[in-house]
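Read the structure below first, then the notes.
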There are 2 protein chains.
Amino acid sequence: MKTRQNLAELFARESVFSARSAVFALKARKEGKPEIARLFQALCESESVHARRYLRLLRGRIGSTRENLDEVARRVIPELKDSCRDFAAEAGVDGMKVAEEALSHSRQVAGGYVDLINHAQTDNVAAYHVCQVCGFVAENAAPLKCPVCGALQMKFKPID
Amino acid sequence: MKTRQNLAELFARESVFSARSAVFALKARKEGKPEIARLFQALCESESVHARRYLRLLRGRIGSTRENLDEVARRVIPELKDSCRDFAAEAGVDGMKVAEEALSHSRQVAGGYVDLINHAQTDNVAAYHVCQVCGFVAENAAPLKCPVCGALQMKFKPID
């Protein structure tokens with residue numbers, strides 16, 4: 001049964017292609033090419049439709065919400081935090097200050113994910129606001145200043 | 001200089017985590033848990049902020065729009081089409097009809113990407129519409145029926 005493995009590989013590749021297309025769209029917009037930016041956005045959306053379709057086909061990998069929360073809290077987040085910590089240290093050794101800061105921010109942001117998961121199951125969280133600089137997720141209202149990277153309130157995107 | 005490789009790895013991992021979170025959000029919504037769906041959407045957005053930040057740090061990998069279009073047309077799309085074709089054939093052998101159809105649709109959709117790239121540079125494309133079932137990208141207006149998967153017009157999402 002090679003297909004399960006194939007779908008998992010394509011899911012990962014098309015997710016990455018989709019994310020890269022989003023960045024290429026930003027770049028095209030910055031170069032004053034809005035028509036190409038729109039093209040890359042369309043490709044981004046198309047790839048993301050493919051990725052979602054493959055993931056749905058990988059039924060064994062999409063458990064119940066209960067299982068998904070557990071997997072994210074127990075496996076995904078700890079691995080992410082560890083990698084960000086290790087990579088931030090290596091960036092320091094490499095003398096790449098900007099990368100070190102970005103990775104250190106990501107570690108702090110990922111450190112808050114488990115609280116978010118716990119609160120979502122017990123508290124009444126009305127909305128989330130995501131810092132567009134470092135990814136920090138604020139519950140209910142956007143803070144005046146991002147506690148992780150210091151970005152101003154206007155940099156937060158609401159998810160409701 | 002280990003950091004460049006670390007950023008590339010984290011970019012891929014957070015892109016995949018972001019895409020999976022979007023699917024977990026759909027699943028939570030289907031289970032009647034809108035508050036958990038919102039949490040997964042916030043995580044999806046946060047991870048996608050991280051992924052974009054890493055990609056921007058990988059400066060060498062983000063060329064000009066000219067180079068990005070070339071790379072996508074010459075490398076990414078042909079590789080994607082080949083994989084979809086091979087994997088569709090293997091899904092046929094595995095007797096996984098639904099996966100075979102999905103992969104065959106993706107191959108057809110990817111086959112249209114190069115035309116999209118060419119048209120975006122020469123024609124005046126006012127908008128794109130992306131089929132939410134198979135990812136087919138229509139130029140200007142959404143068709144009455146998706147030429148790849150047969151989905152109705154209401155299944156198209158506008159990108160403008």
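Throughout, read-outs are computed from the coordinates displayed, never taken from laboratory work. Bear in mind that the values here come from a model prediction, so they are computed numbers and not experimental data. Quick reminder, even Gly has a Cβ in these numbers, built from the backbone with ideal geometry, and neighbours come from all protein chains shown.
Annotations
- All lysines inside 21 Å of residue A:2 as judged from Cα atoms, apart from same-chain residues fewer than 8 positions distant: B:81, B:97
- Take the convex hull of the alpha carbons in segment A:63-123; its mean projected area over all directions comes to 4.3 nm².
- Candidates B:25, B:120, B:142, ranked by Gaussian network fluctuation over chain B, Cα under 10 Å, top entry: B:25
- Cα-Cα pairs of segment B:3-61 separated by more than 16 Å (percent): 45 percent
- Estimated FRET transfer efficiency (residue A:123, residue A:101; beta-carbon r; R0 35 Å; 0.05): 0.65
- The aspartates and glutamates whose alpha-carbon is closer than 19 Å to the alpha-carbon of residue B:27, local same-chain residues fewer than 8 away aside, are A:67, A:70, A:71, A:160, B:35, B:45, B:47.
- Modelled label positions at residue A:9 and residue A:82, each set 7 Å beyond Cα in the direction of Cβ, lie 2.6 nm from each other.
- Histogram of C-alpha separations across the protein assembly as shown, 10 Å bin width, %: 6, 25, 33, 26, 9, 0
- Reported to the nearest whole Å, the Cα centre-to-centre distance from segment B:1-71 to segment A:144-160 is 19.
- Inter-copy spacing of residue B:98 label points, which lie 7 Å from Cα along Cα→Cβ, given in nm from shortest upward: 4.5
- Long-range HN-HN contacts of residue B:127 with modeled amide H, under 5 Å: B:140
- Lysines with Cα under 23 Å of residue A:30, excluding same-chain neighbours fewer than 8 positions away: A:155, A:157
- Rounded to whole Hz, the Karplus (6.51, -1.76, 1.60) HN-Hα couplings of segment B:118-131, x for glycine and proline: 5, 4, 4, 8, 10, 9, 9, 8, 6, 6, 10, 9, 10, 5
- With the simple spin-label model, which puts each label point 7 Å out from Cα in the Cβ direction, the residue B:144 to residue B:2 separation comes to 6.1 nm.
- Rg/Rh ratio calculated on Cα atoms of chain B (Kirkwood radius): 1.00
- Shown in residue order for segment B:143-159 are the 3J(HN,Hα) couplings computed by the Karplus curve 6.51 cos²θ - 1.76 cosθ + 1.60 at θ = phi - 60°: x, 4, 9, 5, x, 8, 10, x, 5, 6, 3, 5, 7, 8, 9, x, 10 Hz (x for Gly and Pro).
- Summary of the geometry: segment A:97-119 and segment B:113-127, compared by the centres of their Cα atoms, lie 39 Å apart.
- Database remark: amide H of residue A:136 closer than 5 angstrom to the amide H of A:131 (H placed geometrically; neighbours at sequence offset of 5 or more, or on other chains; Pro and chain starts carry no H).
- Mean residue ellipticity (222 nm) of the protein assembly as shown, computed from DSSP H runs ≥ 4 via -39,500 (n - 2.57), nearest 500: -22000 deg cm²/dmol
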